[in-house]
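Report on the following structure.
Any read-out appearing in this document is the output of simple, stated calculations on the displayed coordinates, not a laboratory observation. This structure is a prediction, so every number in the text was calculated from the model and none was measured. Cβ placement follows ideal geometry from the backbone for every residue including glycine, while neighbour counts extend to all protein chains displayed.
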Amino acid sequence: MSLPQVPDSFYWTHEAWGAALRCRPLESVAQHLFTTRQLELPSREAWQKLASSAGVSSDRLVTLSQVHGRHVVTIRRGIEPGALQALQNSRPDADGVVSDAPDVALVVRAADCVPLLMADKRIGVVAAVHAGWRSTAKRIAARALLAMAAAYGTKPGDCRVAIGPGIRGCCYEVDAAVTDAMLAALPAWEEHAVASRPGHVRLDLGGVNRALLERAGVRPDRIGDVGLCTACRRDLFFSHRAEKARTGRMMNLILLRDERRET
Ligand SMILES: [Zn+2]
């Protein structure tokens, strides 16, 4: 398979199971990856392959029951093994998770919804966010930054963010229910939309999330957007919309590098 070109801030890697994407600005802070449909989940073996690509044991993965909401889970360094296991078993209803624990890998699943991986290089904090339209409209990206600020003292200006593959303006036609919600979240949302049929627009959900991150204080040059559309590249990605919901999910993982923390 030929892999599409990506911006300089991203690069492809060849894992034992297939192709994955990584983002250079996150590298010095966090081990991380965006998978492709070449890693099919769920199965115990696939979770182990995912963990292995991140250099972590599969019993250190944390996943969420993603509910298209606004809630962000906080994990603290030194979390007791029993508390971590309880969190893993309960899979809390949330669409974002933040952590300053170097040995816990945060995972969000997505197939069209926008995955965001974030890292605060100064303090050593990472975040994984699942931003479908509902969570985007609830400003989940900014809420993750607020959770990082509240728990660890993160400043948005210290954060690097990678926007992974999601459905883009070429393929994501939405109606007034979505655009009304976008207006409430981001007054200038129309900069990220083009008119299509009457009453509909094609929306660039990645662009909306980038704008929300910038409004929250993340420097534009510290946001990398891979720009790939999941619905256009069904050979490479799962697409909930293009495949009529009968599809898998990509895994988007981030893990703090303890040895590379800087002050
Ligand atoms: Zn597309």
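If the convex hull of the alpha-carbon atoms of the chain is projected onto planes in all directions, what is the mean projected area in square nanometres?
Result: 13.1 nm².
How charged is the neighbourhood of Lys138? Take every other residue with its Cβ under 13 Å from the Cβ of Lys138, and add Lys/Arg as +1 and Asp/Glu as -1.
Overall, the nearby charge balance is +3.
Going through the stretch 160-263, which GluC sites (Glu not before Pro) have at most 14 other Cβ atoms within 10 Å and a DSSP loop state?
Passing sites in the stretch 160-263 are Glu262.
Return an integer: the convex hull volume of the alpha-carbon atoms of the stretch 102-190, in Å³ per residue.
107 Å³
Please report how far the C-alpha centroid of the stretch 115-143 lies from that of the stretch 6-57, rounded to the nearest whole angstrom.
So the separation of the two Cα centres works out to 18 Å.
Which value in deg cm²/dmol, rounded to the nearest 500, describes the helix-derived mean residue ellipticity at 222 nm for the chain, given -39,500 (n - 2.57) per DSSP H run of n ≥ 4 and division by the residue count?
My calculation for the chain gives -7000 deg cm²/dmol from helical runs alone.
Could you give the distance between the Cα centres of the stretch 69-106 and the stretch 184-263, to the whole Å?
23 Å
What is the antiparallel percent of DSSP beta bridges lying wholly in the chain, to the nearest 5?
80 percent
Please report the equivalent ellipsoid semi-axes of the stretch 12-121, computed as sqrt(5 x eigenvalue) of the Cα gyration tensor, largest first, in whole Å.
21, 16, 16
Can you put Tyr152, Tyr172 in order, fewest other beta carbons within 10 Å first?
Tyr152, Tyr172
Out of Leu39, Thr136, Ala54, whose Cα points farthest toward the positive end of the dipole of the stretch 1-138 (charges: +1 Lys, Arg; -1 Asp, Glu; placed on Cβ)?
After comparing all options, I get Thr136.
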